Amino acid sequence: MTRQIYEDYKYFLQDAGSFFVGSKYSLKEITSNEDILFKFRKVISESVIPHFSPDDTLETVLYYLDKENFVFQIFKQMNAEVRISVKEEKKKLFGGSEEVYRTKYVKITEFAGMTPEEKEKRGVLVQELKGSKLALLTV
């Protein structure tokens, strides 16, 4: 029997000014993946892992983040944004409506301001973390 590994949303991309990390990475996987920026791996290993389990995913860390947490201050310092999908009602042309998911970026301050209950009620799915490379150097 073969074991299927879930690899969607496990990626690291970067451009001239930003980096993007898929939310399905566990914190342990982030620190051991050499394709990810060294400074980001160092921040995760020294500042995030002491507050969360190494087996927690980035999605879990972001989902349960609140403004009182030290990890929130770290993500805020790196100008982080979270790409999420939110369930919304879309009105049809000839009456009625249907539920659809809309994808958007939200600032970490706005996202951490929502309680987990609000996130669950709105059907929030965390997809990725976006951060500024320049701001990462200041962390």
Determine how many Å³ per residue the convex hull of the Cα atoms of the stretch 59-106 encloses.
86 Å³
proj_area_mean for the stretch 12-136 (convex hull on C-alpha atoms), units nm², value 8.4 nm²
Note: the stretch 14-85 at 20 °C, 1.002 mPa s; Kirkwood Rh on alpha carbon pairs; Stokes-Einstein D in µm²/s works out to 171 µm²/s
Set the Förster radius R0 to 25 Å, insert the Cβ-Cβ distance between S32 and Q73 as r into 1/(1 + (r/R0)^6), and round the FRET efficiency to 0.05.
0.50
Computed FRET efficiency, Cβ-Cβ of K121 and S53, R0 25 Å: what is it to the nearest 0.05?
0.45
S85 versus D15: modelled label distance in nm, points set 7 Å from Cα along the beta carbon direction
2.2 nm
Given Cβ charges of +1 for Lys and Arg and -1 for Asp and Glu, the option among F40, L93, S53 whose Cα lies farthest towards the positive end of the dipole of the chain is L93
Which of L136, L129 has the fewest Cβ neighbours within 10 Å, and the rest in rising order:
L136, L129
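No value in this document is a laboratory result; all are computed from the given coordinates. A quick note: this is a predicted structure, and the numbers were derived from the prediction, not measured. FYI the Cβ positions are ideal-geometry reconstructions off the backbone, even for glycines, and counts take in every protein chain you see.
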